[in-house]
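Novice: Here it is, the structure in full.
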Amino acid sequence: MLNAEAQQLYNDFTRYNYLFQNDSSGYKQNTSIGTFGEYSLNATGITNKFFLDFLNGEFIDKESITHNESRLWKINRYGYQLNLNVSGKAALDSSMAVIASVSARQHNSAKFSKDLFTLAFRGNKGFAGQTAKLDPLQFTSFDYQSFSLGMDKSLAKNKLHIWGGLSAIRAGNFRFARADKLSLYTEQDGAYIEANADFEFRQTGGAPGIFSDKNGIGASLFMGLDYQIGKSVLGLSVSDLGFIKYDPMKTYQADQLLRFEGKEIESILSFNDTLFDSYTADTLATETGIKISEKKYIYKLPTFIRLTYVYKLSSKLTLINALEILTNVGAMPEISVKPVYAFSNSFFVSSTLSYGQFGAFDLELGLAAKLNSGFSGLLSITGAEFLFARNKASGQGISIGIYKAF
């Protein structure tokens, strides 16, 4: 009974479990503390097996590349997210509470063409005498930690539940690439390549990592509401509405025809090729006319906007329907349907069918339990098909939460 939606303060378990209390008193304030962790990796077309082989440095044979090429769309997406959170809530009275959390987030995603995948894993030799279409391209990678503080309020005889607050952000590594126009022509004998390009690439210092070196600061807002009407609850939540101001970072920009010649180029993306043995990125950029600068950069955070419609079909069964939009990283809107069944007032199971964001159809299986002494826990496997069809399905992930109510 979950769905964490990155930095959202509430997941589905903490947000809607009051519906299973079998009374009509609405949302109840309480004092609690908890920790939550979420990992997900998803894509359109690229299989779980291919991802695991790539991430583990395993050899990827031509058969595997061909299999994944056959599954790709014209425009493809992938997304990786890791979110860790410790949060607390202190009830001031029956209708008001203070909320606080410390979070760490790591994100890596891309939108890319089929030709770009082929170029990356086969090299540009196969495009000799041809033009590879590499746009549209968007790559985003960042990590940061945040401290959040806000208020939580129940109104209208507990039928209306609202919350909101501010987050202070310490930002780490950041990498960003965008190309609205990018095509690559390789001369038949590899004597030169030409790129018709309109692109920018930015990168901070340091290595990526969920606790990487500081490279910027920022701030964001989070807010949400749920309104109960009979057996239905209408909800809206927004998180990570803000920005990060990064320290000066190296920036590469071009909007022109770029040409490089004078060396045999077998693989434009291979850092073991002779091209890169004698050329640094800056040397190559200077020679081809790419502009290099050191610039401060204000980055608009990817914002999660989630609309929910929850309907309590019976004392045992509740249906959670959601539409989620993630801005600024090329993700598709995601729709999901989640039936949650209560075997008792303390044990729940759920299954979620979703479509969108960075993948196609995905299945999530979850369970939650209220234990003794106010403890509760939840667990879900996202993309459960990962367990059964690694080479035929995309999407994998796990979410774990532990909470203590006082």
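The values are calculated or read from the model by the stated rules, or taken from the named source; none is laboratory data. What you are looking at is a predicted structure, and each value in this text was computed from that prediction instead of being measured. Glycine gets a Cβ as well: all are built from the backbone with ideal geometry, and neighbour counts include every protein chain shown. Side chains are part of the model used for accessible areas, which takes the heavy atoms of the whole protein and leaves out ligands, DNA and RNA. Shrake-Rupley method; radii C 1.70, N 1.55, O 1.52, S 1.80 Å.
Novice: Restricting the search to the stretch 308-317, which residues are in a strand (DSSP E or B) and surrounded by fewer than 16 Cβ atoms within 10 Å (Cβ to Cβ)? If you could, list the steps in order and put the result at the bottom.
Specialist: Taking the stretch 308-317 and keeping what is in a strand (DSSP E or B), we get 308-312, 317.
TYR309, TYR311, LEU317 - these are the residues of the stretch 308-317 that are in a strand (DSSP E or B) and surrounded by fewer than 16 Cβ atoms within 10 Å (Cβ to Cβ).
Novice: Out of all the residues in the stretch 1-11, is one or more at pLDDT 90 or above, buried (at least 16 other Cβ atoms within 10 Å of the Cβ) and not β-branched (Val, Ile, Thr)?
Specialist: Narrowing the stretch 1-11 to residues at pLDDT 90 or above: none.
Within the stretch 1-11 (the criterion being at pLDDT 90 or above, buried (at least 16 other Cβ atoms within 10 Å of the Cβ) and not β-branched (Val, Ile, Thr)), the answer is no, since none of the residues qualifies.
Novice: Given the criteria farther than 30 Å from LYS74 by Cβ and either in contact with a Cys (Cβ under 9 Å, 6 or more places away or on another chain) or modelled with pLDDT under 95 (or both), does THR204 qualify? Steps first, answer last, please.
Specialist: Details: farther than 30 Å from LYS74 by Cβ: yes; either in contact with a Cys (Cβ under 9 Å, 6 or more places away or on another chain) or modelled with pLDDT under 95 (or both): yes.
Against the criterion (farther than 30 Å from LYS74 by Cβ and either in contact with a Cys (Cβ under 9 Å, 6 or more places away or on another chain) or modelled with pLDDT under 95 (or both)), THR204 qualifies.
Novice: For the stretch 114-123, enumerate the residues that are open to solvent by less than 40 Å² (accessible area, probe 1.4 Å) and either in contact with a helix residue (DSSP H, G or I) (Cβ under 9 Å, 6 or more places away or on another chain) or β-branched (Val, Ile, Thr) (or both).
Specialist: Those that are open to solvent by less than 40 Å² (accessible area, probe 1.4 Å) and either in contact with a helix residue (DSSP H, G or I) (Cβ under 9 Å, 6 or more places away or on another chain) or β-branched (Val, Ile, Thr) (or both): PHE117, THR118, LEU119.
Novice: Take the stretch 42-54 and flag every residue that is under 17 Å from the mean Cα position of the chain (by Cα) and hydrophobic (A, V, I, L, M, F, W, C).
Specialist: Once the filter is applied, which keeps residues that are under 17 Å from the mean Cα position of the chain (by Cα) and hydrophobic (A, V, I, L, M, F, W, C), the stretch 42-54 yields ALA43, ILE46, PHE51.
Yes/no matrix, rows are residues, columns are (1) of a type in the set (Val, Ile, Thr); (2) within 22 Å of PHE20 (Cα to Cα); (3) modelled with pLDDT of 95 or more:
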{"site": "ILE335", "(1), (2), (3)": "yes, no, yes"}
{"site": "TYR341", "(1), (2), (3)": "no, yes, yes"}
{"site": "THR352", "(1), (2), (3)": "yes, yes, no"}
{"site": "PHE361", "(1), (2), (3)": "no, no, no"}
{"site": "GLU364", "(1), (2), (3)": "no, yes, no"}
{"site": "SER373", "(1), (2), (3)": "no, yes, no"}
{"site": "GLY383", "(1), (2), (3)": "no, no, no"}
{"site": "GLY397", "(1), (2), (3)": "no, no, no"}
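Novice: Right, something else. Please give the number of the condition SER146 fails out of (1) over 30 Å from LYS89 (Cα atoms); (2) open to solvent by less than 20 Å² (accessible area, probe 1.4 Å).
Specialist: The single condition SER146 does not satisfy is (1).
Novice: Quick check on my filter: what residues within the stretch 283-321 are of a type in the set (Asp, Glu) and either touching a residue at least 40 places away in the same chain (Cβ under 8 Å) or in contact with a Leu (Cβ under 7 Å, 6 or more places away or on another chain) (or both)? It would help to see each step written out before you state the result.
Specialist: Our first condition is that a residue be of a type in the set (Asp, Glu); within the stretch 283-321, this holds for 287, 294.
Selection gives GLU294 alone.
Novice: Test HIS161 against the criterion of being within 18 Å of the chain's Cα centre (by Cα) and more than 21 Å from ILE290 (Cβ to Cβ), and give yes or no. Walk me through it before giving the result.
Specialist: Numbers: within 18 Å of the chain's Cα centre (by Cα): no; more than 21 Å from ILE290 (Cβ to Cβ): yes.
So HIS161 does not fit the description; no.
Novice: Among the residues of the stretch 180-190, is there at least one that is outside any loop (DSSP other than H, G, I, E, B), crowded, with 17+ Cβ neighbours inside 10 Å and among the acidic types (Asp, Glu)?
Specialist: Checked against the condition, which is being outside any loop (DSSP other than H, G, I, E, B), crowded, with 17+ Cβ neighbours inside 10 Å and among the acidic types (Asp, Glu), the stretch 180-190 yields no hits at all.
Novice: When you go through LYS296, LYS300 one by one, which is the residue that is open to solvent by 70 Å² or more (accessible area, probe 1.4 Å), under 18 Å from the mean Cα position of the chain (by Cα) and under 29 Å from TYR78 (Cα atoms)? Lay out the reasoning, then the answer.
Specialist: Numbers: LYS296 fails: under 18 Å from the mean Cα position of the chain (by Cα).
Among LYS296, LYS300, only LYS300 is open to solvent by 70 Å² or more (accessible area, probe 1.4 Å), under 18 Å from the mean Cα position of the chain (by Cα) and under 29 Å from TYR78 (Cα atoms).
Novice: Also, I was wondering about something else. Cβ-Cβ distance below 6 Å, separation of 6 or more or different chains: which pairs start in the stretch 161-180 with a residue that is free of Cβ contacts under 8 Å to residues at least 40 places away in the same chain and end on one that is open to solvent by less than 10 Å² (accessible area, probe 1.4 Å) and not acidic (Asp, Glu)?
Specialist: From residues that are free of Cβ contacts under 8 Å to residues at least 40 places away in the same chain, the pairs are ARG175/SER141.
Novice: Quick test of your reading of the structure: GLY150 fulfils all but one of (1) at positive phi; (2) modelled with pLDDT of 95 or more. Name the failing condition by number.
Specialist: Result: GLY150 passes all but (1).
Novice: To continue, here is another question. Looking at the stretch 19-40, which of its residues are open to solvent by 20 Å² or more (accessible area, probe 1.4 Å), at pLDDT 85 or above and either among the charged types (D, E, K, R) or more than 21 Å from the chain's Cα centre (by Cα) (or both)?
Specialist: Across the stretch 19-40, the qualifying residues are GLN29, ASN30, THR31, SER32, ILE33, GLU38.
Novice: Still on this structure: Considering only residues that are of a type outside the set (Gly, Ala, Ser) and open to solvent by less than 60 Å² (accessible area, probe 1.4 Å), look in the stretch 277-293 and name the one that is modelled with the lowest pLDDT.
Specialist: Per the criteria, the residue is TYR279.
Novice: Considering the stretch 56-99 alone, what residues qualify as being hydroxyl-bearing (Ser, Thr, Tyr) and either under 30 Å from GLN29 (Cβ atoms) or touching a residue at least 12 places away in the same chain (Cβ under 8 Å) (or both)?
Specialist: Of all residues in the stretch 56-99, those hydroxyl-bearing (Ser, Thr, Tyr) come to 64, 66, 70, 78, 80, 87, 94-95.
Selection gives SER64, TYR78, TYR80, SER87, SER94, SER95.
Novice: Continuing with the same structure: In the list LYS62, LYS49, LYS74, which residue meets the criterion of being among the charged types (D, E, K, R) and crowded, with 19+ Cβ neighbours inside 10 Å? Walk me through it before giving the result.
Specialist: Values: LYS62 fails: crowded, with 19+ Cβ neighbours inside 10 Å; LYS74 fails: crowded, with 19+ Cβ neighbours inside 10 Å.
Answer to the check: LYS49.
Novice: Being surrounded by 17 or more Cβ atoms within 10 Å (Cβ to Cβ) and in a loop (DSSP other than H, G, I, E, B) is the filter here, so list the residues in the stretch 209-260 that pass it.
Specialist: Matches in the stretch 209-260: SER212, ASN215.
Novice: Same structure, new question: Are there strands (runs of 3 or more DSSP E) fully within the stretch 318-406 with at least 2 residues that are open to solvent by 20 Å² or more (accessible area, probe 1.4 Å) and of a type in the set (Phe, Trp, Tyr)? List them.
Specialist: In the stretch 318-406, the matching strands (runs of 3 or more DSSP E) lie at 332-344, 347-357.
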